[in-house]
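Notes follow once the structure below has been shown.
Each reported figure results from applying straightforward, stated rules to the coordinates on display, with no laboratory input. What you are looking at is a predicted structure, and each value in this text was computed from that prediction instead of being measured. Cβ coordinates were reconstructed from backbone atoms using ideal geometry, including for glycine residues, and neighbour counts include every protein chain displayed.
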Amino acid sequence: MRDIRIKEKLKEAKFISQYNEKKKASSFFSKKNQLFQEMCDESEFPTTPFDEPIWHELLEEAGMKTKKSKEILIDFAKRITKISGTKMCYKQKTMKSKILVEEIFNFIKKEHISTNIRGFISEIRTIAFIFPQEIGDEFTSIHAGISGDTLMRFQGSLSANRFHIVWTVEPTLPTYAMDDELMNRLHVELRPSEESVLKHTENVCASLSLSLKDNQNVFVESIMEEIYKYFNTISQSEFEVGLLRKLSSIPLVHVKKHKTFVRAENIVKNATSEREIVPYLIQAPEEYAPFYKLFRLLGMTDTPTIKTYAKVLLYFYKDFGKGRLHIEQIEQVEKAIKGLVQMLQTTMVDESQIDVDESQTESDESQTESDESWNDSDERQTESDESRIDFDESQTDIDEKQIDIDDLILMTTDYRLVPSSEIFLETRDDERQRIMKNGTLNLLADLTIFSLSKSQIEEIFMKLPKKLRPFFANTSIYEEVISTDELFLNSDIADKLKDYLTSDHFLKGILRLAKYNASSRNRQMEENSLLDIESNLKTIQICTVKQLQTILTLNTRRLNETEVSKRCSLDKKKNILYFTSFDVEAVKWLSLYDMELASAIEPLWNGNIEKDQILKILSKIDLSPLEFSKRLDDIGIPPMEETGIISFVPLPGSLVPKDLAEYLVPLESIVPLKSFVIYSDWENAQRYKYGVVLDVILSDEQNAEYILNVGSSSPSNMHMSELFMIKEISEINSETFHLNDDECSHRNDLTLNAVMRFRMNQQLNPQPDEGRRWLQQAKYDLEVAKLTKKNIDKELSKGYNWICIICQQAAEKAIKGAMYTINADEVQRVHSLTAHIPEGDTELLPIACQLENTIGSIEKMRYPIYRALPADLYEKEDALEALQVTEQIINEVQEKYINSL
């Protein structure tokens with residue numbers, strides 16, 4: 001039809017009958033168009049006979065709708081909005097929506113050059129005519145999700161490719177409503193909100209944590225990868241604190257091999273299977289390696305940390321409760337505690353235990369040394385040098401920020417979990433048994449099963465912040481002596497034991513052991529620690545009693561069922577060693593009871609020496625200083641530097657330097673136990689001696705009586721009016737005491753501070769009057785020896801050994817008298833003659849050696865410890881030579897040291 005006028009007339013003509021009404025051709029849609037067939041009712045197509053194909057061309061000329069237009073597409077979209085609430089089946093509705101969306105996409109792309117297309121897009125994107133993405137059975141088996149008949153529009157709706165990360169919290173456009181070219185123009189949301197994905201992650205992980213089936217692993221892996229990818233795109237700086245905290249609390253790490261979900265803080269990248277404590281500590285799943293950066297941000301570590309194991313123990317506490325653990329739980333707890341102590345062994349303060357180090361690579365790394373050490377034998381070994389775990393103990397305490405936990409949970413001896421602030425740490429075997437027998441205190445389980453020595457255990461927990469440390473029983477539980485009969489017996493053993501423990505060679509030996517023990521574990525032995533050991537040894541009071549019974553106390557409260565009878569016991573508060581002797585010779589006593597004595601005096605070295613090391617030297621009371629030193633050499637203990645063996649602490653009962661006497665002031669206030677005080681000598685009021693406070697008997701603060709260690713077998717009682725102290729350091733002449741305050745200010749003991757300053761400054765303490773007294777007594781002894789020999793000669797009896805004994809005593813007193821005239825501080829409580837020869841005296845030394853070679857040891861002269869009796873070992877000639885050499889020694893001292901005064 002070429003005539004335009006006819007065409008125009010035809011378009012205006014109403015010639016198609018429908019419902020008794022004539023309608024124009026433009027009122028109908030062509031049935032040949034697939035979109036129209038889907039979207040239109042039958043009444044919208046031409047009626048008979050115009051529905052025949054022969055009429056199609058005429059109707060098209062007359063204006064029948066044969067092609068889609070923006071108006072038609074907008075109309076169709078609005079139609080779907082209307083039919084969404086009808087009874088039409090859902091599948092049919094969604095099919096209409098799908099076809100329309102596809103046609104709209106094609107239309108926009110075809111008409112994209114047209115200027116009018118913008119208006120169409122602006123309108124079509126606001127019409128809600130799209131049904132949301134359907135949630136398949138695989139997804140609903142995890143979570144029902146958000147779906148239904150609610151129509152969606154392009155604008156503001158979430159793209160279908162985000163379905164995996166939001167389906168439980170919000171719908172997305174269906175996959176057919178996706179076109180990468182058009183998403184931006186249609187204002188489709190390409191990224192869901194962080195809150196939505198967070199909530200969705202909670203939903204998915206909560207559901208899967210309860211019921212993850214074997215056949216779901218592959219499907220779940222695809223879901224979780226999408227979630228991880230989303231959060232992985234957020235940089236650490238963009239993460240809000242609240243979001244990070246919430247995300248960290250979700251068990252979002254899928255561990256396929258264990259069919260479980262855990263928090264990122266439960267994941268350790270380099271953990272081995274043997275090191276896992278499922279589900280609390282698990283090796284990072286390799287299939288998710290691309291997301292390790294995210295996991296680190298949420299709490300994963302490359303290697304276990306202190307916090308890792310502390311958290312595991314806290315989980316146990318919450319999950320297992322406060323009751324007694326069963327065997328499987330005990331094994332898990334022991335595994336976590338072992339990891340904790342290993343981390344405490346190796347942790348450096350400047351290494352973060354919490355913050356993620358973004359410089360860490362995400363590549364697979366070889367296992368660290370700590371992983372290798374974990375795989376060592378887990379057999380429970382007893383304490384020995386070979387079984388100890390070596391570690392660097394040079395670190396300082398760990399800062400609270402490095403752990404960031406409120407409670408540290410530990411296991412007790414009766415297999416319960418208890419916060420560390422309610423638990424006691426006791427490493428001494430006897431005391432552990434007594435506390436366990438009492439049953440009222442929480443006692444830390446035995447950690448020596450992890451091949452740790454007792455001192456290592458205490459040092460490990462000392463690294464913790466104070467709020468996380470257990471109570472250290474050795475400083476909180478006190479052993480009280482409750483039965484001594486208040487009777488101190490005169491005892492040769494007590495005197496010998498005191499002379500031995502306070503001797504210069506034993507002290508040097510102990511300090512050598514302490515330094516060796518520290519260096520063997522990469523520690524630096526502080527000078528203050530050495531001074532503490534020296535002070536503890538030198539000020540010890542040793543008392544012999546008939547009976548000895550002790551009980552444990554806590555805050556002055558006695559602990560029932562802890563009473564025991566003992567061979568020896570140390571009162572730590574007073575530094576008194578009580579022991580029962582039963583008239584056994586000193587060497588024999590030590591050989592029998594060295595184990596008990598070693599346990600009793602262990603607190604004297606403040607955990608710096610192992611008990612087995614002490615036992616190697618403790619019973620060697622009969623060795624000379626030179627032999628004792630060689631003994632230490634033989635067992636591999638290196639000698640100390642000369643600068644480290646100067647004695648700073650005076651012995652109780654020793655003489656106060658005359659240069660310090662002018663600084664004495666009366667004692668007017670109460671001083672703590674174990675403090676030094678000064679008293680005047682009973683025989684010579686102008687001569688002063690040191691005493692150490694053992695106890696205070698108070699009537700009132702101005703009328704106190706002190707019990708003092710004055711160096712004798714029994715303590716002495718003195719009223720405070722008889723006692724003195726040395727002035728404040730600041731009041732003393734700075735030229736005399738010019739050392740730095742820090743060198744001795746670690747003690748709250750003014751008198752001892754002043755004395756130590758004096759000695760550290762290498763000031764001598766000459767006591768010529770005391771030297772004369774000792775030499776005079778030596779002369780008396782020699783006369784007695786001569787008279788005794790005459791009597792023995794007359795009776796032709798045995799007993800020349802006693803002449804040798806008296807000569808040894810006379811020579812010792814003469815030589816000590818010489819030393820008193822030079823430096824009283826060098827006089828030691830040993831019976832060695834050569835030990836007291838003044839330095840540089842090459843004439844006196846060979847004479848003293850000659851006498852020692854003649855008479856032998858004191859034990860040989862006194863006790864029947866050899867096959868022959870002492871009376872049979874010494875002949876008249878031996879006694880005669882001893883008398884002659886002793887007289888020579890006395891004369892040498894008289895001429896060289898006394899006559900020159």
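Along the axis of the charge dipole computed for the chain (Cβ charges of +1 for Lys and Arg, -1 for Asp and Glu, origin at the Cα centre), the listed residues Ser565, Ile889, Thr47 are led at the positive end by Thr47.
When a/c is below 1.5 the answer is rounded, else prolate if a/b is larger than b/c, else oblate, so apply that to segment 658-732 with a ≥ b ≥ c taken from the square roots of the Cα gyration tensor eigenvalues. Since a/c reaches 1.5 but b/c is at least a/b, the shape of segment 658-732 is classed as oblate.
As a footprinting exposure proxy, order Arg263, Arg324, Arg125 by other Cβ within 10 Å, with the fewest listed first.
Ranking Arg263, Arg324, Arg125 by Cβ neighbours within 10 Å, fewest first, gives Arg324, Arg125, Arg263.
Applying the Kirkwood pairwise sum to the alpha-carbon positions of segment 742-901 produces a hydrodynamic radius of 17.1 angstrom.
The angle between the Cα long axis of helix 504-519 and the longest principal axis of the Cα atoms of the chain comes to about 10 degrees, rounded to the nearest 10.
Evaluating 6.51 cos²θ - 1.76 cosθ + 1.60 at θ = phi - 60° for every residue in segment 423-438, the Karplus couplings come out as 10, 10, 9, 9, 9, 6, 4, 4, 5, 4, 5, 5, 5, 5, 5, 5 Hz, glycine and proline recorded as x. Dipole check for segment 658-732: with +1 at the C-beta of Lys and Arg, -1 at the C-beta of Asp and Glu, and the Cα centre as origin, the magnitude is about 280 Debye. Judged by the gyration tensor of its Cα atoms, with axes a ≥ b ≥ c, segment 70-192 is oblate; a/c meets the 1.5 cut and b/c is at least as large as a/b.
In terms of surrounding Cβ atoms within a 10 Å radius of their Cβ, Thr886, Thr66, Thr305 rank from fewest to most as Thr66, Thr305, Thr886. Cross-link partners for Lys70 among the lysines, with Cα-Cα distance under 18 Å and sequence neighbours closer than 8 places in the same chain left out: Lys78, Lys96, Lys98, Lys109, Lys110. Cross-link list Lys259/Lys463; Lys498/Lys860; Lys14/Lys87; Lys463/Lys727; Lys515/Lys896; Lys256/Lys466: which exceed 29 angstrom alpha carbon to alpha carbon? Checking Cα-Cα distances, Lys259/Lys463; Lys14/Lys87; Lys463/Lys727; Lys515/Lys896; Lys256/Lys466 exceed 29 Å.
Can you compute the charge dipole magnitude of the chain about its Cα centre, using +1 on each Lys and Arg Cβ and -1 on each Asp and Glu Cβ, nothing else charged? Give it in debye, rounded to the nearest 20.
With only Lys, Arg, Asp and Glu charged at Cβ, the dipole is about 4700 debye.
Computing Kirkwood radius over Cα pairs in Å for the structure here picks out one of (1) 34.8; (2) 36.3; (3) 29.8, namely (2).
Between the helical axis of 625-634 and the longest alpha-carbon principal axis of the chain there is an angle of about 30 degrees. Can you classify segment 534-579 as rounded, prolate or oblate using the Cα gyration tensor, where a ≥ b ≥ c are the square roots of its eigenvalues, rounded means a/c under 1.5, and otherwise it's prolate if a/b beats b/c and oblate if not? Verdict is oblate for segment 534-579.
Rounding to the nearest 10 and keeping the result within 0 to 90°, find how far the Cα-based axis of helix 217-232 lies from the longest principal axis of the chain. Helix 217-232 sits roughly 80 degrees off the main axis of the chain. Structural descriptor for segment 475-642: relative contact order 29 percent, calculated from alpha carbon pairs under 8 angstrom and at least 6 residues apart. Cβ-to-Cβ counts within 10 Å put Glu103, Glu426 in ascending order as Glu103, Glu426, the fewest first.
With the simple model of a label 7 Å out from the Cα in the direction of the Cβ, Glu138 to Thr86 spans 3.5 nm.
Computed over the chain, the per-residue total of -39500 (n - 2.57) for DSSP H runs of n ≥ 4 gives a 222 nm mean residue ellipticity of -12000 deg cm²/dmol, rounded to 500. Taken over the alpha carbons of segment 405-445 as equal point scatterers, the Debye sum produces base-10 log I(q)/I(0) values at 0.31 Å⁻¹ of -1.09.
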